[in-house]
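S.K.: First the structure, then my questions, so here it is.
The values are calculated or read from the model by the stated rules, or taken from the named source; none is laboratory data. Note that this is a predicted model, so its numbers are computed, not measured. Reconstructed Cβ throughout: ideal geometry from the backbone, glycine too, with neighbour counts over all protein chains shown. When the accessible area is computed, the model is the full protein with side chains, heavy atoms only, and any ligands, DNA or RNA have been set aside. Shrake-Rupley method; radii C 1.70, N 1.55, O 1.52, S 1.80 Å.
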Amino acid sequence: MSRRPDIVLLVLDTQRYDRLSCYGYSRPTSPYLDELAADATLFRRVYTTAQWTIPSHASMFTGLYPSEHATNQSSAVLPANIPTLAERLREGGYMTAAFCNNPLVGVVNNGLRRGFESFLNYSGLLTSRPNQAGAHPGLIGRYRQWFKGRLAALLNRIQNSFAHSELLLEFAFTPLMVPLWQTALSFKGNTPKSLNDAARLLIERRGVEPNQPIFAFINLMGVHTPYHPDRRMLERFAPEVIRDREAARYVRRFNGDVFGWFAPFSGVDERYHHVLSDVYDAEVATQDAHLGVFLRRLRESGALNRTLLLICADHGEHLGEKGLVGHMMSVYNELIHVPLIVRDPVGDFPRGAVVDHPLSLRRVFHTLLSAAGIASGIERDRSLAQSPAADPDSGIIFSEAEPPQNVLGIMLRRRPDLVHTRRFDQPRRAVISGAHKLIQIGEDQVELYDVDADPCETVDLAAILPERVEELQAILSAFVRRTITRTPLIRRAEEVDDPIVQRRLRELGYLE
């Protein structure tokens, strides 16, 4: 290949690695992704840096852990002095374009859009349309562009306020608002349209300079709550929802209970917990079918053979394991062990290869800079293409989960008992080294798992292997000292001004 490759970073938002058949799942949920994986390098032990969208994407875009880039709350903004992947690639000569379905990346003003010449957003109050690069609109067309720009700026300020205001966020969870933003405001975006628009750019190259490579970032929300999979996939993977009215009612109730997306199961009929798992599988298969169309278009046009394609997830999803749902409050494998597949037209990533040693998802940043030929020596050393023997992290990786403060505030008002018993107000950190994974909750609780022999983390080995606990705690402590100066994760209990919440906190022992 004479010129530098096009680069596509395709993030399957909320996609569990263990629900893809190319990762050994018994149900055929991902035939098109499986076909691609057989012609690419598949990474089996990749761990995300955080359990939810904003800090995980910030890590992929900067190569840093959350405590380093400090973008770990919905109200946080990526520091201006930290260059992003898109900024680096744009400076390196790439045309940079985003096709984003997640409002936390495409709507909230957190700095994640920096460096993109074109950022198309498919969710929210005013979705974007593909840029007509090269077009020269007349007076009326220019006025329309000006008006749409001013309207978009106003609507983005309104939408952004929900990320900063706990009260507005809770208002969005009310029965009146939930149907509005889930449907009319396209919360999950438009998977087929975004993939179609990305394929058109990569194939037709409208507005791209001759011989200029393209960097395309694509975020898909197909498997994120709420669950509305294709009926054909429901018939195949979740037929109970079609034939059992109670099961269908359970899914509808879950889709409308946004608080239930991140709170542990409570007060819901346990007979239907498995239904969520089946409907999730149907969503995975639905999204995979859309991916199949996208991949076929790239393949038939020849675009795939000039493109380095990296497909990963930003995090996973709890579906009832350990009494948890959603992706707010843990660093268990259901959330932080993610899929990653690289198809490389040049050959740095061999076709059909499998990589088994543990790696951090933050190294997406270094990998794509290396593919573009603009990485520094240290950055090249951290590319996923490097052999285990050359791993500068020595196989030791970290994941950090700070409780999202706005969600935590809502939980304190609605279910302070859960906050207390499950310690949701405490940060969770994990360190993975070899077969072992240590989880530390707050300052005084640890869990240890052999994730090779026990990937579902069912047997806590902390009491059996105290020496290993001590060793990994020392590594984790050194990491924390190196990367952060701790700040309070939630408001001090004394500062809570809601008398009902104060009374409940007093009953739980938070207040004197």
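S.K.: Does Arg88 satisfy being open to solvent by less than 20 Å² (accessible area, probe 1.4 Å), of a type in the set (D, E, K, R), touching a helix residue (DSSP H, G or I) at 6+ places or on another chain (Cβ under 7 Å) and closer than 25 Å to Ala385 by Cα? Steps first, answer last, please.
M.R.: Numbers: open to solvent by less than 20 Å² (accessible area, probe 1.4 Å): no; of a type in the set (D, E, K, R): yes; touching a helix residue (DSSP H, G or I) at 6+ places or on another chain (Cβ under 7 Å): yes; closer than 25 Å to Ala385 by Cα: yes.
Answer is no for this residue.
S.K.: Tell me, yes or no, whether the range 447-467 has at least one residue that is more than 19 Å from Arg45 (Cβ to Cβ), open to solvent by less than 40 Å² (accessible area, probe 1.4 Å) and in contact (Cβ under 8 Å) with a residue 60 or more places away in the chain.
M.R.: Within the range 447-467 (the criterion being more than 19 Å from Arg45 (Cβ to Cβ), open to solvent by less than 40 Å² (accessible area, probe 1.4 Å) and in contact (Cβ under 8 Å) with a residue 60 or more places away in the chain), the answer is no, since none of the residues qualifies.
S.K.: Are there any helices (runs of 4 or more DSSP H) wholly within the range 299-399 with 3 or more residues that are of a type in the set (A, V, I, L, M, F, W, C) and either in contact with a strand residue (DSSP E or B) (Cβ under 7 Å, 6 or more places away or on another chain) or surrounded by 15 or more Cβ atoms within 10 Å (Cβ to Cβ) (or both), and if so which? Can you show your working first?
M.R.: Numbers: elements: 333-336, 364-372, 377-381.
Helices (runs of 4 or more DSSP H) meeting the threshold: 364-372.
S.K.: Looking at the range 16-54 only, could you name the residues that are out of contact with any helix residue (DSSP H, G or I) (no Cβ under 7 Å at 6 or more places or on another chain) and in a loop (DSSP other than H, G, I, E, B)?
M.R.: Once the filter is applied, which keeps residues that are out of contact with any helix residue (DSSP H, G or I) (no Cβ under 7 Å at 6 or more places or on another chain) and in a loop (DSSP other than H, G, I, E, B), the range 16-54 yields Gly24, Ser26, Asp39, Ala40, Trp52.
S.K.: Can you go through Asp314, Asp288, Asp244 and tell me which one is of a type outside the set (Lys, Arg) and closer than 18 Å to Ser21 by Cβ? Walk me through it before giving the result.
M.R.: Values: Asp314 fails: closer than 18 Å to Ser21 by Cβ; Asp244 fails: closer than 18 Å to Ser21 by Cβ.
Sole residue among the options that is of a type outside the set (Lys, Arg) and closer than 18 Å to Ser21 by Cβ: Asp288.
Here's the yes/no breakdown for (1) of a type in the set (D, E, K, R); (2) at pLDDT 85 or above:
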| residue | (1), (2) |
| --- | --- |
| Pro427 | no, yes |
| Ile432 | no, yes |
| His436 | no, yes |
| Asp450 | yes, yes |
| Glu471 | yes, yes |
| Thr485 | no, no |
| Pro488 | no, no |
| Glu494 | yes, no |
| Gly509 | no, no |
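S.K.: Between residues in the range 62-87 that are under 12 Å from His366 (Cα atoms) and without any contact (Cβ under 8 Å) to a residue 40 or more places away in the chain and residues that are in a helix (DSSP H, G or I) and not charged (D, E, K, R), which pairs lie under 9 Å by C-beta distance while being six or more apart or on different chains?
M.R.: Thr84/Ala58; Thr84/Phe61; Thr84/Thr62; Thr84/Phe365
S.K.: Going residue by residue through the range 262-270, is there one that turns out to be open to solvent by 30 Å² or more (accessible area, probe 1.4 Å) and farther than 17 Å from Leu324 by Cα?
M.R.: Step one: list which residues in the range 262-270 are open to solvent by 30 Å² or more (accessible area, probe 1.4 Å), which gives 265-270.
Okay, now just the ones that are also farther than 17 Å from Leu324 by Cα, so none.
So far as the range 262-270 goes, no, none of its residues is open to solvent by 30 Å² or more (accessible area, probe 1.4 Å) and farther than 17 Å from Leu324 by Cα.
S.K.: Looking for whichever is surrounded by fewer than 19 Cβ atoms within 10 Å (Cβ to Cβ) and closer than 26 Å to Ser433 by Cβ here; the options are Asp18, Asp39. Which one fits?
M.R.: Details: Asp39 fails: closer than 26 Å to Ser433 by Cβ.
That would be Asp18, the only listed residue that is surrounded by fewer than 19 Cβ atoms within 10 Å (Cβ to Cβ) and closer than 26 Å to Ser433 by Cβ.
S.K.: Moving to a separate point now. Of everything in the range 21-36, what is at negative phi and either open to solvent by less than 10 Å² (accessible area, probe 1.4 Å) or small (Gly, Ala, Ser) (or both)? Give them in sequence order. Outline the logic, then answer.
M.R.: Of the range 21-36, the ones at negative phi are 21-23, 25-36.
Across the range 21-36, the qualifying residues are Ser21, Ser26, Thr29, Ser30, Leu33, Leu36.
S.K.: Identify all residues within the range 414-440 that are surrounded by fewer than 19 Cβ atoms within 10 Å (Cβ to Cβ) and either in contact with a Pro (Cβ under 7 Å, 6 or more places away or on another chain) or closer than 19 Å to Gly326 by Cα (or both); write none if there are none.
M.R.: Within the range 414-440, Arg414, Arg415, Asp417, Leu418, His420, Thr421, Arg423 qualify.
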